[in-house]
Amino acid sequence: MKLLIKNIKKLVQIEEEGNQLKTKVSGKDMNKLNCIDNAYLLINNDFIEDFGSMSEIEVINKKNKDCEYLTEIDAEGRMVFPSFCDSHTHLVYAGSREIEYIDKIKGLSYEEIAKRGGGILNSSKLLHNTSEEELIAQAFERLEEIKMFGTGAVEIKSGYGLSVEDEIKMLRVIKKLKEISPLTIKSTFLGAHAVPAEYKSNQKAYVDLIINKMLPKVAEENLADFVDVFCDRGFFTVEETDRILSAAAKYGLRPKIHANELDYSGGIQIGVKHNALSVDHLEYTGDEEIKALLKSNTMPTILPGAAFFLGMVYAPVRKMMNAGLPIALASDFNPGSSPSGNMQFVCSLACIAYKMTPEEVFNATTINTAYAMDVNKELGTIARGKKANVFITKPIPSYEFMPYAFGSNKIEKVIINGKIQ
Ligand code: NIG
Ligand code: FE
């Protein structure tokens, strides 16, 4: 089954083989984006077979003249992008938390709401009282929504279970979503998201529970690709994070951790020490943190939706890129700090709040997030042999229009695994 997209106004984020495919882009290179004007893209079943300038289309037509399944799309005036990879979400959750949103509007902080039993613990209670089937149905609807906003791969965390049974329940839900959704999904075990009320006076016992009971069970059922800890003021300490990540390493789980959202918590450094795939949030990133990241393979990941929604200080993204670091941008889709998984909006926010250029933003939401969820061999750019997860825009004047026209869906067609959705 072949699909040919012709007359593409601009084919964005292409990679020619010859030199090895890139795994990520850093520093000044983030401002470079390889594109072909007036292009075609040839998809063969679920992978990208070829692409190039329309001036070479005769060769393609000749090669495929006997291929009776060649479907054609004329993309006149439209652009084609690789799908976004969203490397940080909590999109399995029950219900919603708009009441806390009102508390926030009235002046309470994220930490104050959490201290009153709201926040993550509120979602934990809701999740406990919701069946696996219902959780699957709610999360599937969210997956379908983000798919049509251009996301082709997504990481989903547990962390609203906070007991052995409910963490496993969440991870089983994610496993089921991997089976029923066409999106590429990675799962992350986040037992250390918050301390449940019954362990408030004995946090060590909860960390022990994570290490001795949850992790072995998660590993036994092969339910997680990665491990996460909310390493920040008022949540888990550097020492506790160290213990959890050391234990997870024995099961081969690489960390992707929540760090430095609320303070200079040491989260970045402990992540780097454990060769984390990514450290995420990073509002409090200073010279020491940048130095540690420069010597690492860890992807610094910014979550503009959460910073915007909570009215936080913004991470020093320009300073980080000037120092030579790569940047990834993810949605953090969750009911408490970022109730949206719209990666187009993440792109707009990143331009506005962090003064990133559109080129930097497209690199940060495709190749760099693919790295941050370890799918860069198969996704993140338009390259021959990669998975055919792409989207076709509506007719737009330029790619800069994508982040500029915030709030509306600029995507007309979504193609996942080579199939039009
Ligand atoms: O990434 N910072 C920690 N966890 C989530 C929030 C989860 C929630 O409030 O439900 C985050 O922002
Ligand atoms: Fe998060």
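The values are calculated or read from the model by the stated rules, or taken from the named source; none is laboratory data. A quick note: this is a predicted structure, and the numbers were derived from the prediction, not measured. So basically every Cβ, Gly included, is an ideal-geometry build from the backbone, and we count neighbours across all protein chains shown. We work out accessible area using only protein heavy atoms, side chains counted, and drop any ligands, DNA or RNA first. Shrake-Rupley method; radii C 1.70, N 1.55, O 1.52, S 1.80 Å.
Numbers for the structure displayed
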read-out	value
Any hit, the range 201-213, residues being in a helix (DSSP H, G or I) and under 22 Å from the mean Cα position of the chain (by Cα)	no
Options Leu310, Leu329; residue that is at pLDDT below 95 and under 19 Å from Ile352 (Cβ atoms)	Leu310
Test: residue in the range 404-417 that is within 27 Å of Phe189 (Cα to Cα), within 16 Å of the chain's Cα centre (by Cα) and open to solvent by 10 Å² or more (accessible area, probe 1.4 Å)	no
Search result, residues across the range 337-353 that are touching a Leu at 6+ places or on another chain (Cβ under 9 Å) and open to solvent by less than 10 Å² (accessible area, probe 1.4 Å)	Ser337, Ser338, Gly341, Met343, Val346, Cys347, Ala350
Subset of the range 215-243 (residues that are more than 16 Å from ligand 2 (Cβ to nearest atom) and either surrounded by 24 or more Cβ atoms within 10 Å (Cβ to Cβ) or not assigned by TED's automatic domain parsing to the domain that holds Gly117 (or both))	Val218
Residue count for the range 270-288, restricted to those that are crowded, with 24+ Cβ neighbours inside 10 Å and over 25 Å from Asn376 (Cα atoms)	1
Selection within the range 218-249 - farther than 19 Å from Tyr110 by Cβ and in contact with a strand residue (DSSP E or B) (Cβ under 8 Å, 6 or more places away or on another chain)	Val218, Leu223, Ala224, Asp225, Phe226, Val227, Val238, Glu240, Thr241, Ile244, Leu245, Ala248
Which listed residue, of Ala388, Ala350, is within 24 Å of Lys410 (Cβ to Cβ), outside the structural domain of Glu412 (by TED's automatic domain parsing) and not charged (D, E, K, R)	Ala350
Selected residue (criterion: nearest to ligand 1 (Cβ to nearest atom)) from residues of the range 182-199 that are part of a strand (DSSP E or B) and open to solvent by 10 Å² or more (accessible area, probe 1.4 Å)	Lys186
Residue in the range 121-128 that is buried (at least 19 other Cβ atoms within 10 Å of the Cβ), within 28 Å of Tyr371 (Cα to Cα), in contact with a Phe, Trp or Tyr (Cβ under 9 Å, 6 or more places away or on another chain) and among the polar types (S, T, N, Q) present	no
Among residues of the range 216-237, those that are closer than 19 Å to Val154 by Cβ and in contact (Cβ under 8 Å) with a residue 40 or more places away in the chain, counted	5
Hits in the range 246-269 (condition: open to solvent by 10 Å² or more (accessible area, probe 1.4 Å) and among the polar types (S, T, N, Q))	Ser246, Ser265, Gln269
Among the residues listed as Ser348, Ser331, Ser340, the single one being free of Cβ contacts under 8 Å to residues at least 60 places away in the same chain, farther than 20 Å from Thr23 by Cα and within 16 Å of ligand 2 (Cβ to nearest atom)	Ser340
Long-range neighbours under 7 Å by Cβ, at least six apart or interchain, first residue open to solvent by 30 Å² or more (accessible area, probe 1.4 Å) within the range 37-56, second in a helix (DSSP H, G or I)	Asn38/Met54
Pick from the range 131-160, criterion open to solvent by 10 Å² or more (accessible area, probe 1.4 Å) and aromatic (Phe, Trp, Tyr), ranking: nearest to Gly380 (Cα to Cα)	Phe149
Counted residues, the range 330-355 - those being more than 22 Å from Gly380 (Cβ to Cβ) and of a type outside the set (Ser, Thr, Tyr)	7
The range 310-333, subset closer than 26 Å to Glu98 by Cα and of a type outside the set (A, V, I, L, M, F, W, C), residue most open to solvent (accessible area, probe 1.4 Å)	Tyr314
Matching residues, the range 308-328, being among the hydrophobic types (A, V, I, L, M, F, W, C), assigned to a helix (DSSP H, G or I) and away from ligand 2 (no atom under 13 Å from the Cβ)	Phe308, Val317, Met320, Met321
Residues of the range 156-193 satisfying the condition of being more than 16 Å from ligand 2 (Cβ to nearest atom), small (Gly, Ala, Ser) and over 19 Å from the mean Cα position of the chain (by Cα)	Ser163
